[in-house]
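Q: Attaching a single structure in structure tokens format; questions to follow.
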Amino acid sequence: MPSRNHIAFQERGENVELDVDYVVVGSGAGGAAAAVTLARGGSSVLIAEAGPWRDPEDYPSSVYGTMRDMMDSWGATFTRGRAFWPIVQARLVGGTTVINSAICVRTPGDIFEQWKLEHGIGGDEMAREIWEIQEAIESDLHASVVPEESRGRHNILAKKGGDGLGIDSHYMTRYVRDCEGRGQCLQGCRAGRKQSTNLNLIPEVLERGGHVLSCAPVEKIVFEGARAVGVSGRFSHPQNHARGGSFRVRARRGVVIAASVTRSPNLLAASGVESKALGEKFRAHPGAPIFGSYEDPVDMSRGATQGWASMAYRTEPGLKLETLSLPLDMVAGRLPGAGALLMERLEEFRHLAIFVQATRAETAGRVRPGALGRTNVRYTLDTKDMHRFREGMYRVAQVHIEAGARSVLPCITGLPYRLGPDEIHLINEGPLDPRAYVAILSHLFGGCVMGADPARSVCDGNGRVHGRTGLYVADGSVIPTNLGVNPQSTIMGLAVFFAQRMLDDETSANAA
Amino acid sequence: MNWLIRHAMCAMMPGGGTLPGLTAEEAHAYAQRVRAESDWLYSLGLCLGAVMFAITPIITLLIPLPSFLLPARLLDRHAERVVGHRSYLIKQAVFLVRLNAGMCWGASAHNRSALAQPAYPDDPGTYRTD
Ligand SMILES: Cc1cc2nc3c(=O)[nH]c(=O)nc-3n(C[C@H](O)[C@H](O)[C@H](O)COP(=O)(O)OP(=O)(O)OC[C@H]3O[C@@H](n4cnc5c(N)ncnc54)[C@H](O)[C@@H]3O)c2cc1C
Ligand code: SF4
């Protein structure tokens, strides 16, 4: 539904100037949650989003279309280090929630303890409040367990494998209303079932009188002394990337940065914020798949994209196991081999199921501005993490075998293409060189971490940037550790928690 | 440059077996489109990957010919060896060609039907303008 409060790309010379209480930069998990909280609190809010606003009928179907229409930098951001691993993030209204699997896991209690111990923030009180917030978000976003009829064979097989191994595992809770099991979450749910923030929270911001600027990458935060008073930038055309008119938003009460782990640190740096902690403590849950080959067709594109998980190894050695369905146009580019051999391997596509492991890696990397508006992420897993990672691959293979796979395809350089049930131990003896694996990074943390000590953190436990006033960060970049669970719920919980503090601060200031 | 990308992509996914291969027309149209639509780094990576594919038969087969002059049997062997080469740089450079070959092949209605996958509707590329 078009809205007068939404302004998309403007041509050169068509400049936009607006005054609001709060400007929120980025419309993904963090930005949308902060914006709707501020709007519900009665503030006027403007969201500035770098990418365009696409509704489900605009969503692509192919992987090519997804990279073109939804991904940040065409999905071509990758780690610089020993291995080049892709870092996947979206650039459109709704941010990465449009292309994620909407898996909903509340922040584990041990994380708040760890934050308290290592960073002087968090603790029981924060835990209680965040869990309450997460419960409310689950209700707003219709969180529900994957319905039986949408499970699809790959998720059912994984459950059978998990049960057979005797490990704790479950069908997942996701922010999805009446999932049709179209297995298309990663290209955006064309059925509109997945509650990405472009469909759920952001429309409410508009209904409450807020504004959205789309195709509007913020280039600078504007300061008056130490106080953040607004943002500025130029519209960017979503197809040809031409620069359009300028925009300038004045924010009477605050500027909230939620441009993601790879973008927020660089935006702060480009705007003159100086901190030794800026861009540091980048962490991730690198993930990689193992294909299982089954006697009967699995047809993994039928059923929820990611419907099963096990957290049995979250603490030791630090892993999460999940299912994942990938479309033919991704699997064709992803299976090892080329030429006639690859074509032969693709013949069994319908018999393949993919289970993945996400490693709770401790290794810290760093985010820095790159050339021509890109981002550099330096990151190489250390040996301890590579041991975890390799064990994750083995555990995933175990689930396949227990589920009845006749063989697994590990996709690990140096190992045979296919391993039979008696050979999967070879994975545990496999390489520890990250270059032997094709992993991706989709759960990202850090870069503007929160903490009590300004020398070691960018913002405090309420998202306020140290040494500045009116400037907040409210996305995955504030998270100072890994989580060992999917991050959306934690990011949204923190963003709402911070926004509530902003509103409280306002109330106290008014009373004073 | 498009013909070189097309050549490398088709070599990655040839016909002749049970499944249909990537056709020169499909690959050419794709190369044109991706170079027109993608961001500069992606496009550059794809071009470099195609060049790497063309010049490496000397490494994979010890034959001093560009890949586009190889007979079909040797071209197939080159494709297989270059994507699994032990030099990470060579492997990564051609990875993007292979990835795009897969994306192009797997999105074609004809190839999808061979594996009982429904045809994709067109990617509309539209967005809210108001
Ligand atoms: C494929 C995939 C699957 C995933 N599945 C799950 C899952 O099932 N469950 C889960 O919990 N997590 C999942 N995640 C992770 C989760 O989606 C992210 O952690 C989360 O969305 C990050 O929220 P964020 O607010 O930090 O950033 P994002 O959601 O990425 O939002 C940042 C937004 O800021 C915009 N932006 C950037 N720079 C600027 C600028 N200068 N000006 C204006 N706007 C800007 C971007 O365009 C983007 O829209 C998945 C991630 C991926 C990639
Ligand atoms: S599995 Fe399909 S219907 Fe369900 S949320 Fe994902 S894309 Fe939508």
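Q: Which loop-located trypsin sites (Lys or Arg not before Pro) does region A:55-110 contain, where loop means any DSSP state but H, G, I, E or B and the Cβ has at most 14 other Cβ atoms within 10 Å?
A: Values: sites: A:Arg68, A:Arg80, A:Arg82, A:Arg91, A:Arg106; in loops: A:Arg82, A:Arg91, A:Arg106.
Those that pass, being in a loop and sparsely packed, are A:Arg82.
Q: Could you give the distance between the Cα centres of region A:25-41 and region A:146-190, to the whole Å?
A: Between the Cα centre of region A:25-41 and that of region A:146-190, the gap is 29 Å.
Q: Going by the alpha-carbon gyration tensor, a ≥ b ≥ c the square roots of its eigenvalues, is the protein assembly as shown rounded (a/c under 1.5) or, if a/c is not under 1.5, prolate (a/b greater than b/c) versus oblate? Please list the in-between numbers first.
A: Working: a/c = 1.75, a/b = 1.44, b/c = 1.21.
In terms of gyration-tensor shape, prolate.
Q: If you don't mind, another one. Quick one: ranking B:Thr18, A:Thr173 by accessible area, 1.4 Å probe, largest first, what do you get? Each step should come with its number before you reach the end.
A: Details: B:Thr18 115, A:Thr173 45 Å².
Result, largest first: B:Thr18, A:Thr173.
Q: Here's something else I'd like to know. Using a 1.4 Å probe, what is the accessible area per residue for region A:360-512, in Å²?
A: Ligands and nucleic acids excluded, the figure is 35 Å² per residue.
Q: Hey, can you list the residues from region A:363-378 whose accessible area shrinks by 40 Å² or more with all protein chains present, relative to the chain by itself (probe 1.4 Å, no ligands or nucleic acids)?
A: With the partner chains in place, region A:363-378 has these residues losing at least 40 Å²: A:Arg374.
Q: Go through region A:314-326 residue by residue and turn each phi into a ³J(HN,Hα) via Karplus (6.51, -1.76, 1.60, θ = phi - 60°); whole Hz please, and just put x for glycine and proline.
A: Each residue of region A:314-326 in turn: 4, 7, 9, x, x, 8, 10, 9, 8, 8, 7, 10, 10 Hz.
Q: Relative contact order (percent) for region A:360-512, with alpha-carbon contacts under 8 angstrom and 6 or more residues of separation? Don't jump to the answer; show the numbers that get you there.
A: Numbers: 187 pairs, mean separation 24.0, N = 153.
For region A:360-512, the relative contact order is 16 percent.
Q: Take every DSSP beta bridge with both residues inside chain A and express the antiparallel ones as a percent of the total, to the nearest 5. Don't skip to the answer; put the middle values down first.
A: Details: 50 of 76 bridges.
If we restrict to bridges inside chain A, about 65 percent are antiparallel.
Q: Roughly how crowded by other chains is peptide B:9-19, in terms of the mean Cβ count from those chains within 10 Å of each of its Cβ atoms? Don't skip to the answer; put the middle values down first.
A: Working: counts 0, 0, 2, 7, 8, 5, 2, 3, 7, 4, 8.
Partner-chain Cβ atoms within 10 Å, mean over residues of B:9-19: 4.
Q: Over region A:332-438, what is the relative contact order in percent, taking alpha-carbon pairs closer than 8 angstrom and at least six residues apart? Can you show the working numbers first?
A: Details: 112 pairs, mean separation 23.3, N = 107.
Taking the mean separation of contacting Cα pairs over the length of region A:332-438, I get 22 percent.
Q: Taking all protein chains as present, what is the carbon and sulfur share of the accessible area of region B:41-130, in % to the nearest whole number, probe 1.4 Å?
A: Details: 2660 of 4100 Å².
Carbon with sulfur: 65 percent of the solvent-accessible area.
Q: Provide the solvent-accessible area of A:Ile221, counting protein heavy atoms only and rolling a 1.4 Å probe, rounded to the nearest 10 Å².
A: 10
Q: Moving to a separate point now. Can you work out ³J(HN,Hα) from phi for every residue in region A:252-267, in order, using Karplus 6.51 cos²θ - 1.76 cosθ + 1.60 and θ = phi - 60°, giving whole Hz and x for Gly and Pro?
A: Those phi angles translate into 5, 10, x, 10, 10, 9, 9, 9, 4, 4, 8, 10, 4, x, 6, 5 Hz.
Q: First compute the accessible area of chain A with a 1.4 Å probe, then give the percent of it belonging to carbon and sulfur atoms.
A: On the way: 8340 of 17660 Å².
Ligands and nucleic acids excluded, carbon and sulfur give 47 percent.
Q: While we're looking at this one, here's another question. Can you pull the mean other chain C-beta count within 10 Å for peptide A:340-351?
A: Details: counts 12, 7, 13, 13, 3, 1, 10, 5, 1, 6, 3, 0.
Partner-chain Cβ atoms within 10 Å, mean over residues of A:340-351: 6.
Q: Looking at region A:408-512, which trypsin sites (Lys or Arg not before Pro) are DSSP coil and have at most 16 other C-beta atoms within 10 Å of their C-beta? Could you put the intermediate results ahead of the total?
A: Values: sites: A:Arg418, A:Arg435, A:Arg456, A:Arg464, A:Arg468, A:Arg501; in loops: A:Arg418, A:Arg456, A:Arg468.
Passing both the DSSP loop test and the Cβ count: A:Arg418.
Q: How much accessible area does A:Lys159 have with a 1.4 Å probe, in Å² rounded to the nearest 10?
A: 50
Q: What shape does region A:118-178 take by its C-alpha gyration tensor, where a ≥ b ≥ c are the square roots of the eigenvalues and a/c under 1.5 counts as rounded, a/b above b/c as prolate, and the rest as oblate?
A: On the way: a/c = 4.30, a/b = 1.62, b/c = 2.66.
Note, shape of region A:118-178 comes out oblate.
Q: Apply the Karplus curve 6.51 cos²θ - 1.76 cosθ + 1.60, θ = phi - 60°, to the phi angles in region A:133-140 and return the couplings in whole Hz, x for Gly and Pro.
A: Taking θ as phi minus 60°, the curve returns 4, 4, 5, 5, 5, 4, 6, 4 Hz for region A:133-140.
Q: Also, quick follow-up: Which of the GluC sites (Glu not before Pro) found in region A:338-395 are in a DSSP loop and have at most 13 neighbouring Cβ atoms, other than their own, within 10 Å? Could you put the intermediate results ahead of the total?
A: Values: sites: A:Glu344, A:Glu347, A:Glu348, A:Glu362, A:Glu391; in loops: A:Glu347, A:Glu348, A:Glu362.
Hits after loop and neighbour filter: A:Glu347.
Q: Label chain B by shape, choosing from rounded, prolate and oblate, from the square roots a ≥ b ≥ c of the eigenvalues of the Cα gyration tensor; if a/c is under 1.5 it is rounded, and otherwise prolate applies when a/b is larger than b/c, oblate when it is not.
A: Details: a/c = 2.32, a/b = 1.44, b/c = 1.61.
In terms of gyration-tensor shape, oblate.
Q: Modelling each spin label as a point 7 Å along the Cα-to-Cβ direction, I'd like the B:Ile59/A:Glu148 distance in nm, to one decimal.
A: Rounded to a tenth, the inter-label distance reads 5.5 nm.
Q: Can you pull out the buried accessible area for chains B and A, both sides counted, probe 1.4 Å, rounded to the nearest 100 Å²? Mind dumping the intermediate values first?
A: On the way: alone 8280 and 19910 Å², together 23570 Å².
It comes to approximately 4600 Å² buried between B and A.
The values are calculated or read from the model by the stated rules, or taken from the named source; none is laboratory data. Since the model is a prediction, treat every value here as computed from it, not as a measurement. Reconstructed Cβ throughout: ideal geometry from the backbone, glycine too, with neighbour counts over all protein chains shown. To get the accessible areas, we keep the full protein, side chains included, count just its heavy atoms, and leave off ligands, DNA and RNA. Shrake-Rupley method; radii C 1.70, N 1.55, O 1.52, S 1.80 Å.
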